[in-house]
């Protein structure tokens with residue numbers, strides 16, 4: 001069943017689970033430890049409604065404060081938050 005699209009009755013999906021352009025999805029739990037923490041940027045505009053499930057987290061930025069694409073690239077880079085903050089301090 002891995003990799004297959006799952007169809008769920010819309011009554012079982014909350015409004016918060018409906019994906020928006022620019023959402024960053026993060027794997028919060030999985031049978032494979034290697035996948036936990038992986039992130040992806042959602043930018044599909046094909047007219048369909050997409051949702052995410054219980055093992056995924058969704059990060060939505062305040063676009064006036066931070067670029068969601070930029071945050072997504074940081075999360076996908078493998079740089080830890082601590083090392084990134086240390087990098088910012090060195091550059092300041």
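The values are calculated or read from the model by the stated rules, or taken from the named source; none is laboratory data. Keep in mind the model is a prediction, meaning the values are calculated, not measured. Ideal geometry is used to build each Cβ from the backbone, glycine not excepted, and the neighbour counts take in all protein chains shown.
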* Among the candidates 22, 47, single out the residue that is modelled with pLDDT of 85 or more, in a loop (DSSP other than H, G, I, E, B) and touching a helix residue (DSSP H, G or I) at 6+ places or on another chain (Cβ under 7 Å). => 22
* Asked: Within the set of pairs 6 or more residues apart or between chains, which connect a residue that is surrounded by 12 or more Cβ atoms within 10 Å (Cβ to Cβ) inside region 68-88 to a residue that is at pLDDT below 70 with Cβ atoms less than 9 Å apart?
  -> 74/81; 74/84; 79/87
* Give me a count of the residues in region 50-92 that are within 21 Å of residue 13 (Cα to Cα) and either assigned to a loop (DSSP other than H, G, I, E, B) or modelled with pLDDT under 85 (or both). => 6
* To do: With respect to residue 30, determine if the residue is in a loop (DSSP other than H, G, I, E, B), surrounded by 13 or more Cβ atoms within 10 Å (Cβ to Cβ), modelled with pLDDT under 85 and over 11 Å from the mean Cα position of the chain (by Cα).
  => yes
* Asked: Which of (1) part of a loop (DSSP other than H, G, I, E, B); (2) modelled with pLDDT of 80 or more is the odd one out, the single condition residue 11 does not satisfy?
  -> (1)
